[in-house]
Structures are given as structure tokens and as C-alpha cells.
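Okay, so here's the structure we're looking at.
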Amino acid sequence: MKPDTRTAIRQLIKQVRAAIPFDAAQARVCSGDCSGCSQKLLDDLEGELAAWEQRLAEGDRPSLADLSRLAKTARKIHRVLVRNGILAEETEPR
């Protein structure tokens, strides 16, 4: 049986936090030659994850579209971090 959307988004948040180094110093430093600002992307994704954690704590029930949107955002940011040399490819969140 598939999990409900609250459980699924919690699992997604856990996977994203494990795969993306929000506290890595190298991700917070601008190298000047990149295809997207890693620091800004990490800040945005971290804020979105924190917002979902807060909404879940308040009893909000995400839709499948919300789950899909968060997963898509995490994958896009992961690709940029790989392109910028901050992450290896095999750690992509699902």
C-alpha cells in the first residue's frame, strides 16, 4: 500500500536533506563560474523544506501536486549543484 501524501512528503523531505549538503561550506562559496547560484538555490530549497515541515506540524495535508512540485524542485536544484561541482551525480533525490 502506498503512503498517504503527508507520509510521502515527510519521506521526500528526509531524502532531500540526506542528499543535499545544506551546511557544506563549499556550497556557500561562490566560485564565480557556475550555471546557477548554489547558495541562493540551497537557501530557497531549505526554506521550502522548512515551510513544509511547519505546515505538516500544523496539520496541513499536501496534495499530490504539492509532492510532485517539491520533488521536481529538489531534482532541478540537485542537477545545478552537480553541474557546479558541489555534488556527485549518484546522490540525486527521488
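Yes/no matrix, rows are residues, columns are (1) open to solvent by 50 Å² or more (accessible area, probe 1.4 Å); (2) part of a helix (DSSP H, G or I); (3) of a type outside the set (Gly, Ala, Ser):
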residue: 39; (1), (2), (3): yes, yes, yes
residue: 48; (1), (2), (3): yes, yes, yes
residue: 52; (1), (2), (3): no, yes, yes
residue: 55; (1), (2), (3): yes, yes, yes
residue: 66; (1), (2), (3): no, yes, yes
residue: 69; (1), (2), (3): yes, yes, yes
residue: 72; (1), (2), (3): yes, yes, yes
residue: 81; (1), (2), (3): no, yes, yes
residue: 85; (1), (2), (3): yes, no, no
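Figure legend. Inter-residue proximity from the stretch 3-25: first residues surrounded by 13 or more Cβ atoms within 10 Å (Cβ to Cβ), second residues among the polar types (S, T, N, Q) and at pLDDT 85 or above, beta-carbon distance below 7 Å, spacing 6+ or different chains. Indicated pairs: 5/63.
The values are calculated or read from the model by the stated rules, or taken from the named source; none is laboratory data. These figures come from a predicted structure and were not determined experimentally. A quick note on method: Cβ atoms are made from the backbone with ideal geometry, for glycine too, and the neighbour counts reach across all protein chains shown. Accessible surface areas use protein heavy atoms only, side chains included; no ligands, DNA or RNA. Shrake-Rupley method; radii C 1.70, N 1.55, O 1.52, S 1.80 Å.
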